[in-house]
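To start, the structure itself, in structure tokens.
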């Protein structure tokens, strides 16, 4: 009887700690492995590809700086590619945005 | 106080007053707030949460979701004299802005903006805006927008703070996120129709809910207008399709003036049809402009500088070529920018991404075909006249008079910090400083939970009857046809190239197009999400802005800043500042042009009346920052 009581109290203790233990108790085997790492992978959407849809290597025209730090000006978190104000306006990819 | 706030919120959210007095066909809902902000771009959001932070029960009425406002397109930066890259002083920024405005800017407003600039940028950074940093962790500043040190004598200043290349986007998201901390009530996709004015005081706004077609009246002691510019009056503009000058039109219909609408900033090379701008670097790297005969026409207009001449010379030359019939395309209304004579590797190295831009927006392969371009509008310096605190003013008996209950900020307002020409990176600063200024002024002069002044039960019925008339309009011209006529007329007559004859012809044509609004035809008779109706309302607003712009331009017989006339090439001030002032006689107010234009329109006939108001030349504190006396502007 004391063993049973010990079992109950252990179970109660386990119930409050750790979802894997809860999962075992409920019989939910899938949740045992934790978050959805090894469920089946998400299906890719089947939408048709447009003429201008970006491929995976999008925006490779303007390379990202290593660590996002511009090697010449040492600016951290600044715009990618050549300096936007080099022609007197704000230029990016040939487009000018004058604000 | 908290219980008053809670009670008024209860009133506004739960009680539905079906107001029989104004309409039996449209359900009308009345709301009561302490303050209403119309527009949720950079300036509108800053004003809205500034008011909520001060404890006011605020409503934000906007026709777009806040993060879709046109502020999101701004990629550049914000100017502020933080002094992170070199020693800097806001008084030098003040001098640069006054000079840039060609001495048409009000120096007290410019003093206020440049003095508050460092505090405003630091405040944004504290809200979480991720500015780019130097190695020491300070905000990185770059050279942009005609900024100098030591009142123009110390070389280039580095004042522009940015967030990678998406400053406007980041600003808007930061402000929106911050505003959700306070309990501002957002009314998204509500189209503001008119101001509720009584005895010259503004008592609120009436708006159409686009989702279900109900009419909402927002009663408040304080109304802030932050609706943005009106680029869409022109055929070629960089602004969103929603930049229709709704705030300017609402103020005009209320009988109040708009200021300096003839000052519209153009950029020479905008892509035909799309409206995106091609950088001047294209011409800097060797690109040339050609007309229908394949001639490099800039050689005729600027024999030395050729395609590298200054922006206004290039824009005017392009316009003259088009006017003389040497334009390209089926309508012969634009010119070509040719880049395919340059080696493709050089183009890709110096201007990365341009082939992508040209393909997406113009549909051309930049290594084989030229890009179609024409001068494009991208900013409106003019707008609703305000003082430096953000209160809307009108001019009576030679003095500025505040309109009680009405405020304006952002591109819709003309404070006027940009004067005749806006410097790059000053407009984002203008948004946050004056948005905050409106909130502070309201907090100073009013208390939350103040009793609302009584309003006539049928206030706003003209707006509803106008709405009804447009919804069932059955004339012969479609909204899109009238809009295209207006845009083409404005592009041909009130664009960069302005002379007396061209402007006069344009004025006559615009007056005729204004009367064709009576003959409009709409197709959608429903009330739920009726975009035909909303576009027609926007067209009415655009038309009011357009007639004021062209009439003001026709009357202003001088060249100043962005308004350049071929027949009056010089600036006409009270003294001739190119010669020493000794011995010169001061011209009287009606003989010179260093004054603000105030334009009124009679909405029924479309007749424009113009008055003038003097420029404010003294700064807020002459001891701290002396005003800049006018001089000839040369860079």
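Nothing in this text is a laboratory measurement; each read-out follows from the coordinates by a stated rule. Values in this document were obtained by computation on a predicted structure and should not be read as measured data. Glycine also receives a Cβ, built like all others from the backbone with ideal geometry; neighbour counts cover every protein chain displayed.
Points worth noting:
- Dimensionless Rg ratio for the range B:562-610, taking C-alpha atoms and the 2.2 N^0.38 Å reference: 1.59
- Relative contact order computed over the range B:166-322 (Cα-Cα under 8 Å; 6+ residues apart), in percent: 12
- Taking the square roots of five times each eigenvalue of the Cα gyration tensor of the protein assembly as shown, the equivalent ellipsoid has semi-axes of 43, 36, 29 Å, listed largest first.
- Semi-axis lengths, Å, the range B:121-209, gyration tensor of Cα atoms, sqrt of 5 times eigenvalues: 38, 21, 11
- With contacts taken as Cα pairs under 8 Å at a separation of at least 6 residues, chain B carries a relative contact order of 19 percent.
- Along its three principal directions, the equivalent ellipsoid of chain B from the Cα gyration tensor extends over semi-axes of 38, 30, 26 Å, largest first.
- Cα-based convex hull, the range B:217-318, per residue volume (Å³, whole number): 141
- Viscosity 1.306 mPa s, temperature 10 °C, Stokes-Einstein D of the range B:382-458 from Kirkwood C-alpha radius, µm²/s: 115
- 0 to 90° range, to nearest 10: angle between helix B:167-179 axis and chain B longest Cα axis: 10
- The range B:269-374: relative contact order in percent, alpha carbon pairs under 8 Å with at least 6 residues between: 33
- Within chain B, helix-based [θ] at 222 nm, where runs of 4 or more DSSP H residues each add -39,500 (n - 2.57), nearest 500: -10000 deg cm²/dmol
- Shielding of peptide B:272-283 by partners, expressed as the average count of other chain Cβ atoms within 10 Å per residue Cβ, is 4.
- Rounded tilt (10° steps) of B:107-127 against the dominant C-alpha axis of chain B: 80
- Prolate/oblate/rounded label for the range B:47-173 (Cα gyration tensor, a/c 1.5): prolate
- Chain B: angle of helix B:461-471 to the longest principal axis, Cα-based, in degrees nearest 10: 60
- The separation of the range B:401-429 from the range B:543-594, counted between C-alpha centres, amounts to 21 Å.
- Here the Debye sum runs over all C-alpha atoms of the range B:293-414 as equal scatterers in vacuum, and log10 of I(q)/I(0) at q = 0.16, 0.18, 0.20 Å⁻¹ comes out as -0.85, -0.97, -1.12.
- Two-decimal Rg/Rh across the range B:489-547, once Rg and the Kirkwood Rh are taken from alpha-carbon atoms: 1.11
- Shielding by partners - mean other protein chain Cβ count within 10 Å, residues of B:128-140: 3
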